1. Between the range A:162-223 and the range B:141-169, how many Å separate their Cα centres?
2. When you count, for each residue, the other Cβ atoms within 10 Å and take the mean per peptide, how do A:145-152, A:164-171 rank with the highest first?
3. Viscosity 0.890 mPa s, temperature 25 °C: what is the translational diffusion coefficient of the range A:74-287 from Stokes-Einstein with a Kirkwood Rh over Cα pairs, rounded to a whole number of µm²/s?
4. What relative contact order, as a whole-number percentage, does chain A give when Cα pairs under 8 Å and 6 or more residues apart are counted?
5. For the protein assembly as shown, what is Rg from Cα atoms divided by 2.2 N^0.38 Å, rounded to two decimals?
6. If the cut-off is 29 Å between C-alpha atoms, which lysines fall inside it for B:Lys228, apart from same-chain ones fewer than 8 positions away?
7. Report, ordered by chain and residue number, the aspartates and glutamates lying within cross-link reach of A:Lys217, taken as a straight Cα distance under 16 Å and ignoring same-chain residues fewer than 8 apart.
8. What value does the range B:88-210 have for Rg/Rh, both radii from Cα atoms and Rh as Kirkwood defines it?
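Just so it is clear, none of the values below were taken in a lab; they were calculated from the coordinates. The structure displayed is predicted, hence computed values, not measured ones. Virtual Cβ from ideal backbone geometry, glycine too; neighbours counted across all protein chains shown.
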Amino acid sequence: MTADVDAAPASSAAAQTTIGPARPMTSQGRRWLRLRSTLAVLVTQLVVLAGFLAFWEFMTGQNKAAAFMFGSPSAIFKFLSQMVYDGSLWRDTSVTGLETLLGFFVGNCIGTLIGLSLWYSRFVSRVVEPFVIALGSIPIIALAPIIIIWFGTGLISKVAMSTLSVVIVALVTSYKGATGVDPDQINLLRTLGASKFQIFRKLVVPASLADIFAGLKLTVGFALIGAIVGEFMSSSEGLGHAIFKAGSLYIIPKVFAALVATIALALLLTFAVGKIEQLLMPWRRQQR
Amino acid sequence: MIETSLKTQTGTGVAAPAPPLVVEHVAKSYELDGGGIVPVIGDLSLTLREGEIVSIVGPSGCGKTTLLNTLCGLLAPDAGRIRWHGREVAGQPQNVGYMLQKDLLLPWRTALGNTMLGLEIRGMPWAQAEDRCRAMLDQLGLHGFADHYPTTLSGGMRQRVALARTLVNEPDVLLLDEPFAALDFQSKLLIENDTVGLVRQGRRSLLLITHDIEEAVSLADRVIVLSKRPTQIKAVYDIALGADRHDVISVRQAPGFSDHVRSIWADLDVVLQ
């Protein structure tokens, strides 16, 4: 009993010294914590990737048939460095990149312009709606043979494929943005004496930017799919061409090597869109 | 403040000019999707004189906002006439400022950019508009915040920017729909005080729709109490508290203030469940 009584104050004092009073955190400390959690995520991602590649390498190293069917990271790397060496990697990537970029740009310009301007007339947008849905439901690959007949086998046909994959999505997302504007905000501008065009320019367009950029990020992938499908159908260069050729010759690691380049291209374009978004919408950055 | 307001008063004309706003027997109903018709405003007449502050209070859902939107020309009345300075106007009336509980600031514009919206729409040269807006923001205690985006401002400051955006257009008449309802008590008193000061100083007229009886009594020269739907005028109180009407905080201590509040509360006929 007496030991207990003696021990009680001692233990509470010990607890106080170990826990201590809550210290206010410095901004430097907070920045370090944030950096540390970002680093933790990055390291985990690298470990997962390395583990996956190691497993792949190990499994295909044991078995020749598996190596043939699935390739191996080392073989893929060998092909990649060979493609860098003979210049085909850069040539194919730049060809596909140009097709994708042009299709992305043209498709988004046309789609966004139509989508935003549909805000102007409820009547026109109701007339157009079923046609948009119908066009949007066409699998773009089904159009490829016609596109090649119309535009030939060169750059233009791939850009057309890419544009078509993008345009409906861009139209729908920008229209959604335009019609989602707060009606009270429209009323406010009306009471300030704004014309319909002023409401469009000063309110509807900037308010739609968030949705437009969501569409842009989505359509990077679609533009790339369009370009590669176009190259599958008929082409003499480009990443789609490289994949198709290597695939029909059963050179699986080379297929993967071209795929790696495709993924890198998609990541680069997505990153660029994100940067442009930050540049065009600075008020979103201040929020954080 | 009183001296300056007296000096800035423009000489009232010889013949009494038409009051800024006259509402005569206005009625408005809504059609439901099912086909039924809900009469919102039954029969409403009121007059807003020059330099007068009128508050409208009413039970929840009595169509106060419908009334405001009808006055602004955003909705067309089913019956009756609305005359601005003696004339009926098609569409939006000129020189009317409109402000809601939501600040409706555009997030992509800074405080200054939001304040400039009205002048920009009217096509005022940029530099002139900017000078006027900066001065207005300073007057409302937002000095140094002109280049901040709305997301970085507090609720009270955002509502001040909205007030600046309304006042910088120098409207003859302000229509405010519960503009301070979302603010905490202190910010509310301060912004009320500034609003009343600027309105009285500029000899503007103010129609304030609110559910806050104390706010209605402390700000207004006249309080109009509305009935339940279909809305009619139930009672009108002239608030003559004799105090300095520029100071909404001292008015709350004036003798007679709580009597007004109590009788309006009784008029609203709130049933406690």
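1. Rounded to whole Å, the Cα centres lie 26 Å apart.
2. Final packing ranking: A:164-171, A:145-152.
3. 130 µm²/s
4. It rounds to 23 percent for chain A.
5. Computed over Cα atoms of the protein assembly as shown, the ratio equals 1.38.
6. Counting by Cα, and skipping residues close in sequence, B:Lys228 has these lysines nearby: B:Lys28, B:Lys64, B:Lys102, B:Lys188.
7. Filter leaves A:Glu277.
8. 0.94
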